[in-house]
Amino acid sequence: MKVLIIGGGGREHALAWKVSQSPRVKKIYAAPGNAGIAQLAECAPVKAEDIPGLLSFAKSRAVDLTIVGPEGPLSAGIVDEFQKAGLPVFGPSRKAAEIEANKAFTKDLMKKYGIPSADYGVFTDKAAAEDYVRRTGAPIVVKAAGLAAGKGVVVAETVDEAIAALDMIMAKKTFGAAGDVVVIEECLKGEEASFMAFTDGKTVVPMASSQDHKRVFDADKGPNTGGMGAYSPAPVVTKKLEKQVMDKVMIPTVRAMEKEGRLFKGVLYAGLMIHDGTAKVLEFNARFGDPETQPIMARLESDLIDLIEAILGGRLSKIDIRWKPDSAVCVVMASAGYPGSYEKGVEITGLEKAAARPGVMVFHSGTAQRNGKVVTDGGRVLGVTGLGASVAAAIDRAYAGVRDIYFEGAHYRHDIGARALEEGN
Ligand code: AMP
Ligand code: GLY
């Protein structure tokens, strides 16, 4: 079968790597892909947001299955358009993807169905929002309701900071129309974890647990990023907590979406805050996480194509998902300056040496090929992923791979997976 993967980040490289291991797959296309994906797939220069372009590409190559990585095309309705054209596609419909694309909708949904989450208010009027912030006090969290590439959330330590965030989002329109509506939330404390599940709209099957590292510097210092690394499993997600999250969050949410006429098929991702053994939802994503997917795919034993087909056919309840018992750790190597401004086109060396190590997968995020060389092409450049019998072994492998690779100004965190070690594994 021929598979098209939409997107060009580390998540999509990990998906392409996993799909390439399916004996059923004869050909992989990616749009737009990157230099790493190009080793496994034929990359087409079509942007992930160009839905008509993707549709005509998929038709012209008689693609049998399309897997959508990023939220942009999902919330723009790529799944609806492919389905109309009779093309099998993995991901939620536009209406279902609103669970990620519209935080005001999602907060109201959680409230209506009793899904645990922070207290909140929704505002379109800046003066009313400021008034709410002053009455509630700090710390407080201000969020643009729409999609803002993971940057539309400010955890404000003071009232002044929260007011400044409202100014940035509602008056200066830093995130454009994504900031027309603002959600203001109670600031939750605890430890974060990523909880992803496959669902066909009825059956919900959890993936292995994982944890992301959002801050740019060691010990969770510095500004938020798209994610500087991830590991799986996450010891904070105990069997007991997994059951709680399934019973109180994932299953009720999938049921709620069905009741609201927004049947959710695909990957439902809950960003959780865990405090005293209880999980509350920070956000939902309508897709695989990035970089969580890199360690998760490294650990997935089952054939991803079989799984996806079961979801599309509404047969997920008949499928058994198998995971490797190993741990996986993904260390992101970023461009100098990231998450601020950075240069592109810096040559990367040592990739083959790292990839040749046993248990090391070098997933590319922002890379491109120029004159036979691999160069940087984004803020997050690589996700060097180690798989090992223990967290410690996975950490050692990932960092051995990282040390093989060089590009000028490269930076990465040195403590990815350290928390999993502390929490005992
Ligand atoms: P979100 O995109 O909504 O997950 O927010 C991005 C990040 O902001 C989360 O990963 C948390 O670190 C933080 N955050 C979001 N909502 C809250 C909240 N209610 N309390 C504390 N931190 C939050
Ligand atoms: N790692 C966070 C996300 O995928 O949104």
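Remarks
- Scoring Pro339 on the criteria (1) open to solvent by 30 Å² or more (accessible area, probe 1.4 Å); (2) of a type outside the set (D, E, K, R); (3) away from ligand 2 (no atom under 16 Å from the Cβ); (4) farther than 30 Å from Lys111 by Cβ leaves a single failure, condition (3).
- Checked against (1) open to solvent by 20 Å² or more (accessible area, probe 1.4 Å); (2) of a type outside the set (Asp, Glu); (3) out of contact with any Ser or Thr (no Cβ under 8 Å at 6 or more places or on another chain), Leu40 passes all but condition (3).
- Residue count for the range 194-208, restricted to those that are open to solvent by 10 Å² or more (accessible area, probe 1.4 Å), assigned to a strand (DSSP E or B) and not β-branched (Val, Ile, Thr): 1
- The range 255-314: number of residues that are within 16 Å of ligand 2 (Cβ to nearest atom), open to solvent by 20 Å² or more (accessible area, probe 1.4 Å) and touching a Phe, Trp or Tyr at 6+ places or on another chain (Cβ under 7 Å): 1
- The single condition among (1) within 16 Å of ligand 2 (Cβ to nearest atom); (2) open to solvent by less than 10 Å² (accessible area, probe 1.4 Å); (3) within 12 Å of Pro116 (Cα to Cα); (4) of a type outside the set (Asp, Glu) that Val245 does not meet is (1).
- From the list Ala389, Ala356, Ala410, the lone residue that is open to solvent by 10 Å² or more (accessible area, probe 1.4 Å), modelled with pLDDT of 95 or more, out of contact with any Gly (no Cβ under 8 Å at 6 or more places or on another chain) and under 25 Å from Gly150 (Cα atoms) is Ala410.
- Selection within the range 230-280: residues that are at pLDDT 95 or above, more than 16 Å from ligand 1 (Cβ to nearest atom) and among the small types (Gly, Ala, Ser). The member of this set that is farthest from Val79 (Cα to Cα) is Ser232.
- Cβ pairs under 8 Å, 6+ apart, first in the range 235-246 and more than 27 Å from Ala392 (Cβ to Cβ), second at pLDDT 95 or above: Gln244/Thr278; Gln244/Ala279; Met246/Ala197; Met246/Val204; Met246/Pro206
- Count of the range 201-229 residues which are within 16 Å of ligand 1 (Cβ to nearest atom), among the polar types (S, T, N, Q) and touching a residue at least 60 places away in the same chain (Cβ under 8 Å): 4
- Close pairs (7 angstrom Cβ cut-off, 6 or more residues apart or separate chains): more than 17 Å from Gly9 (Cα to Cα) in the range 354-379, of a type in the set (Val, Ile, Thr) and assigned to a loop (DSSP other than H, G, I, E, B) anywhere: Ala354/Ile405
- Residues in the range 154-173 that are of a type outside the set (D, E, K, R) and farther than 21 Å from Thr106 by Cβ: Thr158, Val159, Ile163, Ala164, Met168, Ala171.
The values are calculated or read from the model by the stated rules, or taken from the named source; none is laboratory data. Quick caveat: nothing in here was measured; it's all calculated off a predicted structure. Cβ: placed from backbone, ideal geometry, glycine included. Neighbour counts: every protein chain shown. Keep in mind that these areas ignore ligands, DNA and RNA; they rest on the heavy atoms of the full protein, side chains included. Shrake-Rupley method; radii C 1.70, N 1.55, O 1.52, S 1.80 Å.
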